[in-house]
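Working notes, beginning with the structure itself.
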Amino acid sequence: MRYSRIIGLGHHVPDKVITNDYLSTVMDTNDAWIVERTGIHERRWVDPAQDTVANMAAKATRMALERARLKETDIDFIVFATITPDYFFPGSGVLLQRELGLDGSIAALDIRNACSGFIYAVSIADQFIKTGMYKNVLVVGAEIQSTALDISTRGRNTAVIFGDGAGAVILQASDKPGVLSTHLHSDGRFAEELYIKDPGSSRPHSERQPDQILDTTTYKVVMNGNQVFKHAVVRFMEVIQEALDANKLRKEDINLLVPHQANLRISQYIQEKLALSDAQVYNNIMRYGNTTAASIPIALSEAWAEGKIKENDLICLAAFGSGFTWASALIRW
Ligand SMILES: CC(C)(COP(=O)(O)OP(=O)(O)OC[C@H]1O[C@@H](n2cnc3c(N)ncnc32)[C@H](O)[C@@H]1OP(=O)(O)O)[C@@H](O)C(=O)NCCC(=O)NCCS
């Protein structure tokens with residue numbers, strides 16, 4: 001039997017630290033509100049003069065390659081999860097390929113499944129490895145959210161939550177498990193509960209490309225936080241249970257749960273429902289905010305570097321986000 005195993009992890013976050021106190025100088029908010037509602041103390045936002053989605057992804061990739069003792073040319077396929085690509089098209093996969101100095105011999109695929117994007121990407125990489133098509137697949141989640149936030153009191157319900165960053169893993173073919181299973185779901189009835197409308201293609205030319213864009217609100221993140229929260233806590237639990245059932249495992253078997261860093265209160269709710277200890281759940285939202293598709297690979301990379309993931313451990317990944325989409329993966333390390 002052919003499996004895929006994670007053999008290298010890396011991450012990169014921008015240098016610029018945005019504290020809650022800084023945000024309270026540019027909008028009507030305060031540290032106590034943000035910490036109580038989200039658990040976030042600070043996040044990183046890019047410097048548009050130097051950071052791009054692709055170059056942050058390249059830095060995360062180089063760390064993952066070094067830890068895997070591989071070089072760029074060992075990569076057979078790139079799967080890139082982002083909803084904030086550098087260009088409207090082409091996607092960020094090819095830009096990363098260029099940053100890594102790889103020529104046209106490998107393919108690059110883009111995934112647009114928001115906060116669930118990284119697990120969707122791992123699932124796709126896993127299928128390509130299992131079928132024997134590829135041996136080393138680079139899976140990346142990278143986002144620049146800060147440039148689409150309404151950084152004013154009007155946009156404070158999202159501006160305080162989202163951050164920028166990149167994470168990467170190398171999945172390699174092995175005869176030992178690896179990724180045990182992945183579970184993917186979506187429900188488009190809730191698409192507009194968390195979305196950015198423009199630049200959408202289905203509107204008349206005059207609306208899509210006004211001569212002077214006076215109202216830029218349709219280019220900003222819109223979120224119905226309450227709805228997102230209510231759905232997230234239910235779906236997270238369902239999709240984790242689905243993964244455990246599929247592998248005839250119990251919640252007690254999980255050594256480390258690495259949830260998408262949506263909101264610390266969501267992670268704490270899941271932790272309580274699953275009766276997991278603090279040591280069994282990894283959170284770093286306090287330092288990075290919600291980095292969408294980048295959040296799980298950044299957290300995995302940090303957890304691994306801190307020695308929290310050991311050989312043979314059972315690692316559970318779970319995510320929920322825009323779409324709505326939700327997903328889980330169980331990994332035997
Ligand atoms: C966004 C979220 C933190 C808001 O918390 P909440 O308790 O639902 O708060 P509400 O939206 O009901 O707002 C409560 C009040 O705080 C205000 N408020 C909103 N954002 C604020 C901010 N940053 N600072 C201060 N006050 C704020 C609201 O205007 C509202 O005021 P009102 O009562 O006078 O109308 C919460 O809904 C949430 O975490 N949702 C899930 C978000 C998420 O995980 N998104 C990513 C999914 S991948």
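The values are calculated or read from the model by the stated rules, or taken from the named source; none is laboratory data. Source: prediction; values computed, not measured. So basically every Cβ, Gly included, is an ideal-geometry build from the backbone, and we count neighbours across all protein chains shown. Just so you know, the surface numbers come from the protein's heavy atoms only, side chains and all, with ligands and any DNA or RNA stripped out. Shrake-Rupley method; radii C 1.70, N 1.55, O 1.52, S 1.80 Å.
Between Thr84, Gly39, Ala125, the Cα set farthest toward the positive side of the dipole of segment 1-157 (charges on each charged residue's Cβ, about the Cα centre) is that of Ala125.
With each run of n ≥ 4 DSSP H residues scored as -39500 (n - 2.57), what mean residue ellipticity at 222 nm is computed for the chain after dividing by its residue count and rounding to the nearest 500 deg cm²/dmol? Dividing the helical sum by the residues of the chain leaves -9500 deg cm²/dmol.
Using the 1.4 Å probe convention, the accessible area of segment 1-138 works out to 46 Å² per residue with neighbouring protein chains retained. What residue among Gly101, Ile170, Pro204 has its Cα farthest toward the positive end of the dipole of the chain, where the charges are +1 on Lys, Arg and -1 on Asp, Glu, each on the Cβ? It is Ile170, whose Cα lies furthest towards the positive end. Taking 7 Å steps out from each Cα toward its Cβ at Arg37 and Gln50 produces label points 3.2 nm apart.
DSSP beta bridges in the chain, what fraction antiparallel, as a percent rounded to 5? Write down the numbers at each step before the final one.
On the way: 37 of 53 bridges.
Counting only bridges with both partners in the chain, antiparallel ones make up about 70 percent.
Charging the Cβ of each Asp and Glu at -1 and of each Lys and Arg at +1, and nothing else, the dipole of the chain about its Cα centre rounds to 680 debye.
Using 0.36 nm times the number of residues separating Thr147 and Asn312, minus their current alpha carbon distance, what extension gain do you get?
On the way: separation 165, 0.36 × 165 = 59.40 nm, distance 4.03 nm.
Stretched fully, the Thr147-Asn312 segment lengthens by 55.4 nm.
Applying a DSSP loop filter and a limit of 10 other Cβ atoms within 10 Å to the trypsin sites (Lys or Arg not before Pro) in segment 1-97 leaves Arg69.
Taking loop as defined by DSSP and a crowding limit of 12 other beta carbons within 10 Å, which trypsin sites (Lys or Arg not before Pro) in segment 202-285 fit? The partial results should precede the final answer.
Working: sites: Arg208, Lys220, Lys230, Arg235, Lys248, Arg250, Lys251, Arg265, Lys273; in loops: Lys220, Lys248, Arg250.
Those satisfying the criteria are Lys248, Arg250.
Going through segment 301-333, which trypsin sites (Lys or Arg not before Pro) have at most 11 other Cβ atoms within 10 Å and a DSSP loop state?
Numbers: sites: Lys308, Lys310, Arg332; in loops: Lys308, Lys310.
Passing both the DSSP loop test and the Cβ count: Lys310.
If you take the square roots of the eigenvalues of the alpha-carbon gyration tensor of segment 251-333 and sort them as a ≥ b ≥ c, do you get rounded (a/c under 1.5), prolate (a/b over b/c) or oblate? Because its axes are fairly even, with a/c under 1.5, segment 251-333 counts as rounded.
Per-residue SASA remark: Phe162, around 10 Å² accessible (1.4 Å probe; ligands, DNA and RNA not included).
On the beta carbon distance between Arg154 and Met1, with R0 = 56 Å, the FRET formula returns roughly 0.55.
At 37 °C and a viscosity of 0.692 mPa s, what translational diffusion coefficient does Stokes-Einstein give for segment 115-199, taking Rh as the Kirkwood radius over Cα pairs? Give it in µm²/s as a whole number. Please report the intermediate quantities before stating the final value.
Details: Rh = 15.6 Å.
Reported coefficient: 210 µm²/s.
Of the heavy-atom accessible surface of segment 23-165 (probe 1.4 angstrom), what whole percent is carbon and sulfur? Please report the intermediate quantities before stating the final value.
Working: 3060 of 6020 Å².
Its accessible area is 51 percent carbon and sulfur atoms.
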